[in-house]
1. With runs of 4+ DSSP H residues as the only contributors, calculate the mean residue ellipticity of the chain at 222 nm using -39,500 (n - 2.57) per run, divided by the residue total and rounded to the nearest 500.
2. Can you give me the Kirkwood hydrodynamic radius for the chain, using every pair of distinct Cα atoms, in Å to one decimal?
3. Quick check: the angle from helix 76-92's long axis to the longest principal axis of the chain, C-alpha only, nearest 10 degrees?
4. Under a plain spin-label model, where a point goes 7 Å from the Cα along Cα-to-Cβ, how far apart in nm are residue 36 and residue 64?
5. If you scale each eigenvalue of the Cα gyration tensor by 5 and take the root, what three semi-axes come out for the stretch 45-93, rounded to whole angstrom and sorted largest first?
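All of the numbers you see were taken from the coordinates with simple rules; none came from a lab. All of these numbers come straight from a predicted model, not from anything done at the bench. As a convention, Cβ positions derive from the backbone with ideal geometry for all residues, glycine included, and neighbour counts pool all protein chains shown.
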Amino acid sequence: MFLPGFFTIFGLLPYWKQYKDIKMIKAALNGIAAVTTGFIASTIATMLREQTNERFLIPLFISALSCVALYFKLPVPAVVIGGGILNILSTLL
């Protein structure tokens, strides 16, 4: 299962210094990293949805969304008010 990745890594490693500064390679690696992060987040969300109840997922979602909002430097009061609004909306559903 891990053998193709092993061969890819060690097959490309000798050439990495030569190609690591090319813009297209950097852009491709950034895209691959984003896709991988999305796949992992999707898998975690699916596993949590199957293993837990809704009352646990809503605060977890609000916390994760708040972390993302703070990472992008949104004002703290806006994040707190937005989290409160999401919590109120989740109780109405």
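1. So the helix-based figure for the chain works out to -27500 deg cm²/dmol.
2. Hydrodynamic radius (Kirkwood, Cα only) of the chain equals 16.9 Å.
3. Value to nearest ten degrees: 70.
4. 1.9
5. Computed over the stretch 45-93, the values are 22, 14, 5 Å.
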